[in-house]
1. Please work out which option in [x] 32.4; [y] 22.6; [z] 19.2 gives mean projected area of the Cα convex hull in nm² calculated from these coordinates, and answer with its label.
2. Could you size up the charge dipole of the chain around its Cα centre, putting +1 on the beta carbon of Lys and Arg and -1 on that of Asp and Glu, and report it in debye to the nearest 20?
3. Within the range 385-448, list the trypsin sites (Lys or Arg not before Pro) lying in a DSSP loop whose Cβ has at most 11 other Cβ atoms in a 10 Å radius.
4. Do the sum for the chain: with -39,500 (n - 2.57) for every DSSP H run of n ≥ 4, divided by all residues, what is the mean residue ellipticity at 222 nm, to the nearest 500 deg cm²/dmol?
5. For the range 148-307, just say rounded, prolate or oblate: build the C-alpha gyration tensor, square-root its eigenvalues into a ≥ b ≥ c, call rounded for a/c under 1.5, and beyond that prolate if a/b exceeds b/c, oblate if not.
6. Given a Förster distance of 45 angstrom, what is the FRET efficiency for R163 paired with S402, based on the Cβ-Cβ distance and rounded to 0.05?
7. Starting from the range 316-424, pick out the chymotrypsin sites (Phe, Trp or Tyr not before Pro) whose DSSP state is loop and whose Cβ has at most 11 other Cβ atoms within 10 Å.
8. Mind sorting S319, S401 by how few other Cβ atoms lie within 10 Å of their own Cβ, fewest first?
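Each reported figure results from applying straightforward, stated rules to the coordinates on display, with no laboratory input. Quick caveat: nothing in here was measured; it's all calculated off a predicted structure. FYI the Cβ positions are ideal-geometry reconstructions off the backbone, even for glycines, and counts take in every protein chain you see.
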Amino acid sequence: MPLPGELDPYGPGIRLPGQNDVRVTERFRAVIDAPEVQRLRDVRQLGPIHLVYPGATHTRFEHAIGALGMMQAALRNVAPKAGLNDDDVLTGLAAALLHDVGHYPFAHSLEAVHRRRSATARLPRHEAVAGAIIAGSLGPLLRSALGVDPERVARLVTVHHSRHDAPADALLASLISSGVDIDKLDYLARDSVHLGVAYGLGFDSGRLLQALQPSDDGRRVVVAARGRVPAELFTFARYLMFSEVYWHHTVRAVSAMVEAALDDVAARGALPADFADRLLTFSDDAFLAWLGQEPGTLANGLVRDLRARRLHKRLVTYSRAYAEPDKRAAYDRLYLASSDELAVLHARAAAVLEGATGMPLGPADLLIDTPPRDKDQLEPIEIVYGDDVSGKRVYRLDELSSVVPGVSQDFVKVVKKIRLFVSPRVHAALAHVPPLPLQAQLLEALLA
C-alpha cells in the first residue's frame, strides 16, 4: 500500500540543528503556520535551564518540528508492518506535531506546585490543554488541511496507549508516549545539541528507529532484537540527562524560586480567574515580568533575583541512596508529605536556621524542593526475538540487560533528590556555622 507523501524523505522541509531537514508538505505547513503552533516559538523548551546552560534557549516550536520528523522516520518502518492507512498516518503525524501545543512558560515548574496550598494546584496539565486546543480552535484546520478527526488526534495526545480501543490508535499513542517514543528520541538529542553536552547523544537513534515494529497484537511499539543495545543506551541517556541537566541542583533551585513566586501571587489572591488561559498568551520573559510586577512583594524580589542570577544555594541534600536510616527517613517524610505537613516541616527547618544565623527568615529564605512523584518508574521497553529456545519471543529490556535495572533503581535512589535551598543572604550568614552540627539539627527537626 503506498504511503502518503509526508513519509517521503525527499522534498521541501525545515532545517533543524543536529538533524536533517524535516519533510513538510503544503498541507502540514498550513498547520505549522497556525497561530496556536507559532506561539510555541515564544516558549523555551527547557524553561529556566538557560540560566545554567546558556545555550538552552531553543523553543517548543523547534521540538514540535523535530517530533514530527521523528514520527515520520518511525512510521516509514512501522506503518507498513502494522497495515496503517493514510488516515492513521496523517493522524499520528498531526499528534506528533501538536503533542506540546498546550505547553505554557515554565509548565513543568508550575505543574509541580501541586504540593502547595494555593490555587495553582488547579492548573491543568499541558497535555490536557493540548487536547482542548487540538479538538477546539485547531479542529477546523485539521479537518480541512489534513482530513483527520481532531478528536482522534487529541486522544492520541491525552490518553495513555493502554486505554485505547482501536489497535491503530493504541499503536500511534505508544509512538507518542511510551518507554521509547518520538518525544524522547527528539528532545534527548536536541537538548544535548543546544546545551553542549553529550549525555543525550550516546545512542544510535537511527538504528533504534529502524528496529521499531508493532507488537504481535498491533497495539504498541516494540523493539526488534537488533535494537536491544541502542535501547539500553537510550535508557541510560535519559537517566544521564535527568541527573546532569533536567534535575541539576541549580536548575532545581531556579524552578523552586519560580514556584515560590507563583505561590506568593496565589496566596495574595492576585491570580486572575482566567489564569490558565492567560498563560497561553505569555512568552517566558513576559510571564516573569507579570509574575514580578508588584513592587515590594515576595514574587517581585524572587523575579529580580532570577534576572540578576542571584540564585538560592544548596544547604542540604537528601536521597534514598543514603545508608543512614535517619537520612532516608527524612527523605521519605518530605517526599510523602501533604501540603500542610510540608508547611510544618518548613517551619521547623526555618526555626533551626534562625537559631543558627541569629536573624529572622522570610518565607522565601528557605525553599524545600521535592521531585515529582510521577516519575518513579520508567515505562518498560519490550524486545522481540524471532525465535527463542525457551519458546518466548518477547522480553522486557530489564530482563535482558544488567544496565537497565540499575538505571531504574538509581533513578529513584540517586537522581530524585530532595534539596533544601537558602537565599544568598542566609547562605552568607551560615558561612561560619559548622555544617555537620547544623545538618544534625535540621535532621532532628524534620524527624521530630
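1. [y]
2. Numbers: 51 positive and 54 negative charges, 198 e Å.
So the magnitude is around 940 debye.
3. Working: sites: K392, R393, R396, K413, K416, K417, R419, R425; in loops: K392, R393, K416, K417.
Passing sites in the range 385-448 are K392.
4. Details: 21 runs with 220 residues, N = 448.
So the calculated ellipticity at 222 nm is -14500 deg cm²/dmol.
5. Working: a/c = 3.46, a/b = 1.67, b/c = 2.07.
Here the range 148-307 falls in the oblate category.
6. Working: r = 32 Å, r/R0 = 0.72.
About 0.90, to the nearest 0.05.
7. Numbers: sites: Y318, Y322, Y331, Y335, Y385, Y395, F411, F421; in loops: Y322, Y385.
Here no chymotrypsin sites (Phe, Trp or Tyr not before Pro) fit, given the DSSP loop and packing criteria.
8. Numbers: S319 17, S401 20.
Fewest to most other Cβ atoms nearby, the residues stand as S319, S401.
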